[in-house]
Amino acid sequence: MKTIIKIAWRNVWRNRLRSFVVFASVMLGVWAGLFTVSLTLGMMDQQKRSIVQTQTSHLKVHSSRYMKDEKLINHIPDDTLELLENQLKNDSRVVAYTERTIIDGTVNNAHGFANLKIVGIDPEMEKTVTTIYERLDSGTYFSEFKNRPVLVGKSLADDLKLDVGKSLNLNFMDKDTNAVGIGFKVEGVFNSGNGTFDKQQVFVRQNDLNELLQTNHFIHEIAIICTDIKEAEPVRDEINSKLGGSVEARTWAQLSPQLAYSDEMMTVAIFIILGIIIFALAFGILNTMLMAVLERKRELGMLLCVGMNKRKVFFMIMIETIFLSFVAAPLGLLLSWITVTYFGSAGINLMDVGDAMYQFGYDALVYPKLYPYVYFMVSTMIIGAAIISSIIPARRALKYNPAEAVRAL
Amino acid sequence: MSVIKTENLRKTYHQGDYEIHAVDDVSVEFEQGEFTAVVGPSGSGKTTLLNAIGGLDEPTSGKVIINNTDITQLKGNQLIDFRMNNIGFVFQAYNLIPVLTAKENVGFVMLLQGRPESERESRVEELLAAVGLGEIMNKRPNQMSGGQQQRVAVARALAPKPQFILADEPTANLDSVSTSNLLDIMARLNKEEGITFIFSTHDQRVIDRASRVITMEDGKIISDERKVQ
């Protein structure tokens, strides 16, 4: 077997140019595949992180009545709120939570009108859960303006030509269903990375809102961040088991099923992208090896004549094909690791398509990302492809009639 | 003593509606230590006869008996093993393994036989010295002349100590000096070690050195002459 391996290895280097072309195509193919996957994973991961950090958190709790009808009066009952707060404070899996007052309303100014949700927040509490305060394109985060400040999203600001210091009117119903229309001053313009979200929410101080609503600390939503996103489900289950009926907790995957679905689909997509690339590479290798077997017909005939049995000939061709794949594949994996590591920290700026990406909830700066399982998966797929693509040329070699093969031109 | 015997050997090819009898009812015996040239025009059946004797081609009918074994009854790996242990081959185009050195090429069949390294080493060095290539045993085929390559091929054929050597037009690609050297070596090995050689050839220089000349035409043996040495 040692000699078979030695011959196979040397055969790889017989036609250097052709071998280098195969190496280059395998290496670049692996790199291109992995880099594409890393970009996609990076974008997905970023979108997921962005949505979790700005919209869904790891989980949210609403009153059961609010889930059916998002009315002002359907807030979390005070006694339940107290129990819930105690539970969250004593749960080591919970890192932070924030309480929000949410009402439907409209905004208008001289430039237009829009339906939206007015979210009343405790600015300091909110900072522990969301990253809106870090995502300001301009202005400040509830620190400069004393009188009814509001944070508006970038896309809403663009539509209504709003800027820091400008006024807008927020319209909504108070507790007694009286129409309220009142001016707020834009203190900051945030950019969550998702144009739709930015158009549909404005953030005001919870105290201002409760005062205008004539309510006393109505809380409609509690957003929670856990030590790990995987803790969302057990924490949800515990809340629902203890306080179910009055409130209902839902994880990020329930709050944004589209995100959860695309997260699941991504694994399938990765398999498909890599599968196509490796399938193409396997054909390249197969073609090269078929050529090699054809060119070496006389030599293979001689080997069969002098006593090399078919099993050994088969293995020799198989090992040669596998060598051809295995020399280049680790280089492709290494190149991928280097580029993903570099761009994973430096980021790739896709400003040219940034606007379109923003509308779909992606940042223009993408940080490619690859999980170890993807490297493992690619290595396994390459091994499989190399073995499969070696079978046809190896079988072809066995079909040679030694007497004819030794006389081949 | 006869080491090879064919009985009513026949090999028929079909080309469209035609039947071509490449070897037609040939019965012949080869004695131990003979230096035989099988001659005849192209298409006379020389190579087909050698292929059948070497177990490379299955005859349509008849027998090939080598040391009491009818090799036409052997199949697959049995036949391959028989060839490996009993028959040496020398081809017109040398057919060395280009990625191996002269030494590795010569020792290759012994390696397939599973012979120990020490035995291989000494046998290979002895044979390469015998064919006058002791100095270039670490060169690869592309660093050797055609004559040198064919001598390596002869050494390779001899390495596993076969019963006999089948050489298909071994001098066809060689110049006269190389041919003469090669024939000298083969004749010496034939005389000193008693190895049986069977050539198919057109080359008069080979025919002149042969102790027996079998002439074929249209698949049949038309003459079989033994020279008085």
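Odds and ends about this structure:
- For B:Leu133, the criteria (1) more than 12 Å from chain A (Cβ to nearest Cβ); (2) touching a strand residue (DSSP E or B) at 6+ places or on another chain (Cβ under 9 Å) hold in every case but one, which is (2).
- Residue count, region B:156-182 (criterion: within 14 Å of B:Gln92 (Cα to Cα) and either aliphatic (A, V, I, L, M) or open to solvent by 10 Å² or more (accessible area, probe 1.4 Å) (or both)): 12
- Residue within region A:80-94 that is under 23 Å from A:Leu151 (Cα atoms) and out of contact with any strand residue (DSSP E or B) (no Cβ under 7 Å at 6 or more places or on another chain) present: no
- Just one residue in the set B:Pro98, B:Pro59 is open to solvent by less than 30 Å² (accessible area, probe 1.4 Å) and either out of contact with any strand residue (DSSP E or B) (no Cβ under 7 Å at 6 or more places or on another chain) or assigned to a loop (DSSP other than H, G, I, E, B) (or both); that residue is B:Pro59.
- Of the residues A:Leu409, A:Leu398, the single one that is over 17 Å from A:Gly332 (Cβ atoms), modelled with pLDDT of 85 or more and within 14 Å of chain B (Cβ to nearest Cβ) is A:Leu398.
- Looking only at residues in region A:126-160 that are of a type in the set (Asp, Glu) and not in a helix (DSSP H, G or I), the one that is nearest to the chain's Cα centre (by Cα) is A:Asp137.
- Of all the criteria given as (1) closer than 22 Å to A:Gln55 by Cα; (2) surrounded by fewer than 16 Cβ atoms within 10 Å (Cβ to Cβ); (3) out of contact with any helix residue (DSSP H, G or I) (no Cβ under 8 Å at 6 or more places or on another chain), the one not satisfied by A:His217 is (3).
- Failed item, numbered, when A:Thr106 is tested on (1) more than 31 Å from the chain's Cα centre (by Cα); (2) surrounded by 20 or more Cβ atoms within 10 Å (Cβ to Cβ): (2)
- Extreme residue, most open to solvent (accessible area, probe 1.4 Å), among residues of region B:67-95 that are in a strand (DSSP E or B) and over 17 Å from A:Gly307 (Cα atoms): B:Thr69
- Subset of region A:241-266 [open to solvent by less than 60 Å² (accessible area, probe 1.4 Å) and over 28 Å from the mean Cα position of the chain (by Cα)]: A:Leu243, A:Gly244, A:Ser246, A:Val247
- Test: residue in region B:74-88 that is touching an Asp or Glu at 6+ places or on another chain (Cβ under 8 Å) and more than 10 Å from every other protein chain (Cβ to nearest Cβ): no
- Filter result for A:Phe197 (of a type in the set (A, V, I, L, M, F, W, C) and assigned to a strand (DSSP E or B)): no
- Residue count for region B:183-202, restricted to those that are surrounded by fewer than 19 Cβ atoms within 10 Å (Cβ to Cβ) and outside any helix (DSSP H, G or I): 2
- Any chance A:Arg10 is within 14 Å of chain B (Cβ to nearest Cβ), over 30 Å from B:Gln113 (Cβ atoms) and at pLDDT below 85: no
- The set of residues from region A:105-140 being touching a Gly at 6+ places or on another chain (Cβ under 6 Å) and under 26 Å from A:Met173 (Cα atoms) comprises just one member, A:Ile118.
- Among the residues of region A:314-330, those identified as more than 41 Å from the chain's Cα centre (by Cα) and either closer than 13 Å to A:Ile391 by Cβ or open to solvent by 10 Å² or more (accessible area, probe 1.4 Å) (or both) are A:Phe314, A:Phe315, A:Ile317.
- Any hit, region A:95-113, residues being among the hydrophobic types (A, V, I, L, M, F, W, C), in contact (Cβ under 8 Å) with a residue 40 or more places away in the chain and not in a strand (DSSP E or B): no
- Residue satisfying all of: in region A:387-409; of a type in the set (A, V, I, L, M, F, W, C) and buried (at least 23 other Cβ atoms within 10 Å of the Cβ); nearest to A:Leu303 (Cα to Cα) among these: A:Val406
- B:Glu126 fulfils the conditions (1) out of contact with any helix residue (DSSP H, G or I) (no Cβ under 6 Å at 6 or more places or on another chain); (2) more than 13 Å from chain A (Cβ to nearest Cβ); (3) in contact (Cβ under 8 Å) with a residue 12 or more places away in the chain except for a single criterion, (3).
- Those residues of region B:114-145 which are part of a helix (DSSP H, G or I), surrounded by fewer than 17 Cβ atoms within 10 Å (Cβ to Cβ) and of a type outside the set (A, V, I, L, M, F, W, C), in sequence order: B:Glu117, B:Ser118, B:Glu119, B:Glu121, B:Ser122, B:Glu125, B:Glu126, B:Gly134, B:Glu135, B:Asn142, B:Gln143
The values are calculated or read from the model by the stated rules, or taken from the named source; none is laboratory data. Quantities reported herein were computed from a predicted structural model and do not represent experimental measurements. In this analysis, Cβ positions are derived from the backbone assuming ideal geometry, glycine residues included, and neighbour counts consider all displayed protein chains. Side chains are part of the model used for accessible areas, which takes the heavy atoms of the whole protein and leaves out ligands, DNA and RNA. Shrake-Rupley method; radii C 1.70, N 1.55, O 1.52, S 1.80 Å.
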